[in-house]
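Only one structure is covered here, and it is reproduced in the block below.
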Amino acid sequence: MPRRLPGAGVQRNGTLSTGIGERVQRKEDRRLLNGQAKFVGDIRLPRQWEAAFVRSPLAHGHIRAIRKPAGSESRVFTAADLSDVRPIRAESSLPSYNASDQYPLARDKVRFVGECVAICIAPTRAEAEDLAELVEVEFDPLPAVVDALKARELGAALLHEEWGNNLFLTTYFDGDIEGLRRTAPVVVEREYSTARQCMNPMEGKGTLAHWDEKAGQLVVYTSTQVPHLIRSGLSQFLGLDQGQVRVIAPDVGGGFGYKCVLQPEELSVSWVARRTGRPIRWTEDRREHLVAGANTRQHHYRISAFADERGRILGLDAEITVDVGAYSVWPFTACLEAAQAGGNLPGPYDFGTYRCRTYSVATNKPAFTPYRGVARPGVCFAMELTIDAIAHAVGREPSEIRKENLVPAAKMPYTNVTKKFYDSGDYPESVAQAERAIDLKGFRERQQAARKAGRYLGVGFSTFTEQSAHGTKVFAAWGLPLVPGYDQAMVKITPSGSVEVRSGNHSFGQGLETTLAQVASEWLTVDVERISVVMGDTGVTPYSTGAYASRGMVMSGGAVSKAAEVLAGRIRRHAAHLLQCRAEDVRLAEGKAWHGVAHVSFEDIARVWYLRPDRLPDDVETTGLEVTEGYKPDIDTGVFTYATHAAIVEVDPETGKVAIEDYFIFEDCGRRVNPLILEGQAYGGAAQGIGTALFEEVLYDGNGQPLTSTLADYILPGPAELPHFRLGHAETLSPYTRHGIKGVGEGAAIAPGGAIINAVNDALRPFGVELHSIPATPEKVLHALLRARAGQEAAE
Amino acid sequence: MKPAPFDLIRPTDPAAAGLALAAGDGTAKVVSGSQSLGPMLNLRLARPEQLIDVTSLPGLTAMRETATHVEIGAAVTHARIEDGECPEPIAGILHHVAGGIAYRAVRNRGTIGGSLCHADPAADWVTAMTALGASVIATGPGGAREIAMTDFMLGAYRTALATNEIVTLIRIPRHSVEARWGYYKICRKVGEFADAIGAFVADPVSRTCRVVFGATGGAPLLSAELAGHVARTGAPAEIAAVKEVLANSGQALSEIKIHQLAVAHRRSVLEALADA
């Protein structure tokens, strides 16, 4: 009976397994939960100083003059000092795209409140802030562009004058909508909007840079999801050879997309560290995050849906406006959001006619950055409310309409109206599962009874597909400056027989240290406790474009799997020599190589290779016990996970407060590498989705001044606001990836807006109230109710 | 977000505190738990040159009961009141109000006196103490004086304290066993500042009945008219009637705010009378 190791897996085929599919406890949690993790803020280098930024107090204006405080000129740097740094410019080959130049410190013009204007350094942050206060900046204010719809109009003030308009990008899908408009029995027209948000990782952004004279390298510790990309970016814009830049992402306390782009502060801090020869650190504080990091989610939709009398969708006409802010982020550009929105709006539904225009509009706000779910929380909200509106128009139960319109399992694989290739799954069954779990029939009876007692309950569903781990061709089609290809990983046996995995990807909370170890464990049969995973350091890890687009397990997991498989083959051949048998007769189990009942441990094998090479055969493979492999799935178009969320809410019509009574998620993300971690991802994603649905909202006044610059004004949901989530799973393996894995990290953040607002609208149906924007704050719900009541009274 | 430089002074007797305050000539600020002032210092919205920490002053962390009053030292934390260390002027009210203030981490450091002196309209103690008919003892170089809550808070972040005075004690009249109270807070989420507070205290023995609205944007609003209605009828006024009182209160209240206050009031009264 093998020993059961702490945190380890279960018996499989009579042997211990910590491989794929096991509920292995997270290896990284010991340090994360005991305060032993090391974030950028925990690192202290000799002679290190701290940085504070002077940030623009204006949304839009010309910089007339910057005066450094007398006597401190050598500790304050402006764009004039950083003249050898190239502006951040993210090119794209998409037609109509306008690129922007973002100087790490504003030159000539500021374009949002919070834009960096100068960097000040001092022994402590407080002293650096004292210095920053003394820097005088004179501005000539310009009219602020705050409303993306107005910004599209002729005559609006221009952010980038050379463009002649405020449009980063417009895209089109064309279909015969005009024909449908004349003939469709049911037409539903709606406008929807989603608020601007901040991603609010627990750890904000942080960067610590120093010049390592011995290595001839700029070493940058930075809180990032994409260390290898940041290395490329720093090199490109600072004009350094890639060999002169090493990026190390230490422990990262959440990212959600916020940390997947090159930030101007990373460039400024690096430049100052190189110039002064001193380690320089900048640690983003919450106010900086809430002002200069208010960069995501803001969409507006105009939608016409056409259906038959039963609610079968015939076509969809949409106009999507994304409020992208002032600049185009590197490397993902200002286009990704709208491109994804236009491409993903039809979602999991089976219909043939679609027309969509998207506008990516420049406004005087921070530069749009993709956040968990990228565009899909917006499109899912718009589409799911439209489905309920159609159901209401034809007088049927919304979940019935959903089931009838979703792509049926029999049509899989299915290419949808925007040419998305849905690889596998049973979408209608996910709705049926949710109906059963939430007891829809019983609920309708309960709802009627509650209404008689003056209580307003509602139920809402929301179904989506999520393109995950999309690869080379998709990103190349978006014309991005950097296109992901083969993700690489290294797996080796150490002289002790333990395993070391190196990946260029990074974990910022997703548990990759555990799940990548599980993938290696699957092939090598070594317990995950004896598998160490090194990530985040470009100096020691093979290339990966990093963690975004729910790609980690598919891509890096695939690379680890491939490398571990090759290594397992080598171990068999080494073992065959020691066991005096043929390699194909060697079997790996429990971290040993077996021939019948005879066996050698990995330690024995490793000892011969590393320490007793005299015992190696003459024809030994010289590549040793270390393998680096590259991997991408058989298709580049991504693997599509899907889920249905169902929520039951109670709305207090006197206060407008929404209480979530029940919340069920049914999801299918292919092979579950670690169900425990996957459940955590679902809870966390849904919690953020509830923030989007009910709480989070960046507000601006007419001058582009942010009104939500502290957590007293920008409301995040807390534990007391979250329901007890219930989960159900299907496991339809992808035919195109190693182990059938699909991406899952982002998914659960997508659907709550649709499910909850559909539920709120269901609850408020007796009042004639239908909400179309999120978050549905109590004040907004109350406003709608008071307005409806006033309307009724006026009618009477 | 680090504060501008300041000197921290920690006097051990009230006279020294008063002197330090006077010497500061408007540049000094009293601090107790630092849960409101701390963030303002960090945001550099408050920039005192001296910070006078009063938590070491004698008696400021004591609580006691006299024949007529409950007396609470100004530097007593919300957490101690929440945990039941404090005598109650009416069963359960202080425990309830204290437990609803922000989060436990804030309650561990924040103090009742600090909260009253900060005079944030959306904070709990200013409203609860008004409803309880409490008063504060202000101590300065000239000695101590008692100020009724209704005279203490003048408006948002404004109090009747002289620049050289500090609040040392809160005095709350003890109510009879027949007294009833209700306290209903509408806020975005657990621990957030209130959007509206309804507070209600009635004691048939002393024939007092108070209706207070909190989180109005200014000092708590007392309504004798609505209190009279409850006393006469044994029930809260209809929402429409409450709204009318609020609309005519002289305070600039939005339509939503009036609605929220009316609902909070009604629920506080219903809560108080539920088990009567």
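Among A:Val608, A:Val586, A:Val597, A:Val658, which is the only one that is β-branched (Val, Ile, Thr), without any contact (Cβ under 8 Å) to a residue 40 or more places away in the chain and open to solvent by 20 Å² or more (accessible area, probe 1.4 Å)?
Details: A:Val608 fails: open to solvent by 20 Å² or more (accessible area, probe 1.4 Å); A:Val586 fails: open to solvent by 20 Å² or more (accessible area, probe 1.4 Å); A:Val658 fails: without any contact (Cβ under 8 Å) to a residue 40 or more places away in the chain.
Residue meeting the stated conditions: A:Val597.
Can you name every residue in segment A:709-734 that is away from every other protein chain (no Cβ under 12 Å), in a loop (DSSP other than H, G, I, E, B) and open to solvent by less than 50 Å² (accessible area, probe 1.4 Å)? First the steps, then the outcome.
Of segment A:709-734, the ones away from every other protein chain (no Cβ under 12 Å) are A:723-734.
With the extra rule that they be in a loop (DSSP other than H, G, I, E, B), the set shrinks to A:723-724, A:731-734.
Those that are away from every other protein chain (no Cβ under 12 Å), in a loop (DSSP other than H, G, I, E, B) and open to solvent by less than 50 Å² (accessible area, probe 1.4 Å): A:Pro723, A:Thr732, A:Ser734.
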Item to check | Selection from segment A:692-708 of residues that are away from chain B (no Cβ under 14 Å) and in a loop (DSSP other than H, G, I, E, B) | outcome: A:Val698, A:Asp701, A:Gly702, A:Asn703, A:Gly704, A:Gln705, A:Leu707
Checklist entry - So which residues in segment B:13-36 are within 14 Å of another protein chain (Cβ to nearest Cβ) and not small (Gly, Ala, Ser), if there are any at all? => result B:Gln35
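Restricting the search to segment A:353-398, which residues are part of a strand (DSSP E or B) and over 16 Å from A:Val187 (Cα atoms)?
First pass over segment A:353-398, keeping only residues part of a strand (DSSP E or B): A:353-362.
A:Cys356, A:Arg357, A:Thr358, A:Tyr359, A:Ser360, A:Val361, A:Ala362 - these are the residues of segment A:353-398 that are part of a strand (DSSP E or B) and over 16 Å from A:Val187 (Cα atoms).
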Item to check | Test set (1) touching a residue at least 12 places away in the same chain (Cβ under 8 Å); (2) open to solvent by 30 Å² or more (accessible area, probe 1.4 Å); (3) within 24 Å of A:Asp42 (Cβ to Cβ) - A:Gly243 fails condition number | outcome: (3)
Checklist entry - What's the number of the condition A:Thr541 fails, among (1) part of a strand (DSSP E or B); (2) touching a Gly at 6+ places or on another chain (Cβ under 6 Å)? => result (1)
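Take the conditions open to solvent by less than 20 Å² (accessible area, probe 1.4 Å), in contact with a strand residue (DSSP E or B) (Cβ under 7 Å, 6 or more places away or on another chain), more than 18 Å from B:Pro236 (Cα to Cα) and more than 14 Å from every other protein chain (Cβ to nearest Cβ) and apply them to B:Gly218. Does it pass? Can you show your working first?
Working: open to solvent by less than 20 Å² (accessible area, probe 1.4 Å): yes; in contact with a strand residue (DSSP E or B) (Cβ under 7 Å, 6 or more places away or on another chain): yes; more than 18 Å from B:Pro236 (Cα to Cα): yes; more than 14 Å from every other protein chain (Cβ to nearest Cβ): yes.
Yes, satisfied.
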Next on the checklist: Considering only residues that are outside any loop (DSSP other than H, G, I, E, B) and either within 14 Å of chain B (Cβ to nearest Cβ) or under 22 Å from the mean Cα position of the chain (by Cα) (or both), which ones fall in segment A:739-760?
Outcome noted: A:Gly740, A:Ile741, A:Gly747, A:Ala748, A:Ala749, A:Pro752, A:Gly753, A:Gly754, A:Ala755, A:Ile756
Item to check | Of all residues in segment A:766-796 being more than 14 Å from every other protein chain (Cβ to nearest Cβ), assigned to a helix (DSSP H, G or I) and touching a Phe, Trp or Tyr at 6+ places or on another chain (Cβ under 9 Å), the one that is surrounded by the most Cβ atoms within 10 Å (Cβ to Cβ) | outcome: A:Phe767
Next on the checklist: Of the conditions (1) open to solvent by 20 Å² or more (accessible area, probe 1.4 Å); (2) out of contact with any Ser or Thr (no Cβ under 6 Å at 6 or more places or on another chain); (3) more than 21 Å from B:Val30 (Cβ to Cβ), B:Tyr184 satisfies every one except a single condition; which number is it?
Outcome noted: (2)
Next on the checklist: Among the residues in segment B:95-112, are any crowded, with 16+ Cβ neighbours inside 10 Å, touching a Leu at 6+ places or on another chain (Cβ under 8 Å), on the phi < 0 side of the Ramachandran plot and in contact (Cβ under 8 Å) with a residue 12 or more places away in the chain?
Outcome noted: no
Checklist entry - Can we say A:Asp537 is free of Cβ contacts under 8 Å to residues at least 24 places away in the same chain and either open to solvent by 40 Å² or more (accessible area, probe 1.4 Å) or farther than 30 Å from A:Leu406 by Cβ (or both)? => result no
Checklist entry - Of the residues that make up segment A:183-198, is at least one on the phi > 0 side of the Ramachandran plot and assigned to a loop (DSSP other than H, G, I, E, B)? => result no
Next on the checklist: Show me the helices (runs of 4 or more DSSP H) entirely contained within segment A:435-531 in which 2 or more residues are closer than 21 Å to A:Ile20 by Cβ.
Outcome noted: A:512-524
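Taking the stated definitions as given, is B:Glu146 more than 20 Å from B:Ala98 (Cα to Cα), in contact (Cβ under 8 Å) with a residue 24 or more places away in the chain and crowded, with 21+ Cβ neighbours inside 10 Å?
Numbers: more than 20 Å from B:Ala98 (Cα to Cα): yes; in contact (Cβ under 8 Å) with a residue 24 or more places away in the chain: yes; crowded, with 21+ Cβ neighbours inside 10 Å: no.
Considered against the rule, which asks whether it is more than 20 Å from B:Ala98 (Cα to Cα), in contact (Cβ under 8 Å) with a residue 24 or more places away in the chain and crowded, with 21+ Cβ neighbours inside 10 Å, B:Glu146 comes out as no.
For A:Thr628, state whether it is outside any loop (DSSP other than H, G, I, E, B), among the hydroxyl-bearing types (Ser, Thr, Tyr), touching a residue at least 12 places away in the same chain (Cβ under 8 Å) and open to solvent by 40 Å² or more (accessible area, probe 1.4 Å). Lay out the reasoning, then the answer.
On the way: outside any loop (DSSP other than H, G, I, E, B): yes; among the hydroxyl-bearing types (Ser, Thr, Tyr): yes; touching a residue at least 12 places away in the same chain (Cβ under 8 Å): yes; open to solvent by 40 Å² or more (accessible area, probe 1.4 Å): yes.
Yes.
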Next on the checklist: Give all pairs with beta carbons closer than 7 Å in which a residue from segment A:250-272 that is at pLDDT 95 or above meets a residue that is surrounded by fewer than 24 Cβ atoms within 10 Å (Cβ to Cβ) and among the β-branched types (Val, Ile, Thr); count only pairs at least 6 apart in sequence or on separate chains.
Outcome noted: A:Pro250/A:Ile43; A:Leu267/A:Val85; A:Trp271/A:Val85
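Condition check ((1) under 22 Å from B:Asn108 (Cα atoms); (2) open to solvent by less than 60 Å² (accessible area, probe 1.4 Å); (3) without any contact (Cβ under 8 Å) to a residue 60 or more places away in the chain) across all residues:
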| residue | (1), (2), (3) |
| --- | --- |
| B:Leu19 | no, no, no |
| B:Pro48 | no, yes, yes |
| B:Ser56 | yes, yes, yes |
| B:Glu71 | yes, yes, no |
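Tell me, yes or no, whether segment B:37-45 has at least one residue that is surrounded by 20 or more Cβ atoms within 10 Å (Cβ to Cβ), over 21 Å from B:Pro87 (Cα atoms) and of a type outside the set (A, V, I, L, M).
Kept after step one, since they are surrounded by 20 or more Cβ atoms within 10 Å (Cβ to Cβ), are these residues of segment B:37-45: B:37, B:41.
If we keep only those that are over 21 Å from B:Pro87 (Cα atoms) too, we end up with B:37, B:41.
If we keep only those that are of a type outside the set (A, V, I, L, M) as well, we get none.
No: segment B:37-45 contains no residue that is surrounded by 20 or more Cβ atoms within 10 Å (Cβ to Cβ), over 21 Å from B:Pro87 (Cα atoms) and of a type outside the set (A, V, I, L, M).
Can you tell which of B:Ile172, B:Ile166 is in contact (Cβ under 8 Å) with a residue 12 or more places away in the chain, closer than 29 Å to B:Ala262 by Cβ and crowded, with 21+ Cβ neighbours inside 10 Å?
B:Ile172
Pick out the one residue from A:Pro104, A:Pro143 that is outside any strand (DSSP E or B), in contact (Cβ under 8 Å) with a residue 60 or more places away in the chain and open to solvent by 50 Å² or more (accessible area, probe 1.4 Å). If you could, list the steps in order and put the result at the bottom.
On the way: A:Pro104 fails: open to solvent by 50 Å² or more (accessible area, probe 1.4 Å).
Selected residue: A:Pro143, the only one of A:Pro104, A:Pro143 that is outside any strand (DSSP E or B), in contact (Cβ under 8 Å) with a residue 60 or more places away in the chain and open to solvent by 50 Å² or more (accessible area, probe 1.4 Å).
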Next on the checklist: Please count how many residues of segment A:631-661 are of a type in the set (A, V, I, L, M), more than 14 Å from chain B (Cβ to nearest Cβ) and farther than 18 Å from A:Phe461 by Cβ.
Outcome noted: 2
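In the set B:Ala119, B:Ala134, B:Ala128, which member is more than 19 Å from B:Trp181 (Cβ to Cβ) and among the hydrophobic types (A, V, I, L, M, F, W, C)?
Details: B:Ala134 fails: more than 19 Å from B:Trp181 (Cβ to Cβ); B:Ala128 fails: more than 19 Å from B:Trp181 (Cβ to Cβ).
Sole residue among the options that is more than 19 Å from B:Trp181 (Cβ to Cβ) and among the hydrophobic types (A, V, I, L, M, F, W, C): B:Ala119.
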Checklist outcome for this item: The residue that is modelled with the lowest pLDDT, considering only those in segment A:401-423 that are touching a Gly at 6+ places or on another chain (Cβ under 8 Å) and either of a type in the set (Ser, Thr, Tyr) or closer than 17 Å to A:Asp762 by Cα (or both), is A:Thr418
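The values are calculated or read from the model by the stated rules, or taken from the named source; none is laboratory data. Since the structure is predicted, the reported quantities are computational estimates derived from the model, not experimental observations. Positions of Cβ are backbone-derived with ideal geometry, glycine not excepted, and every protein chain shown enters the neighbour counts. Please note that ligands, DNA and RNA were not included when accessible areas were found on the heavy atoms of the full protein model with its side chains. Shrake-Rupley method; radii C 1.70, N 1.55, O 1.52, S 1.80 Å.
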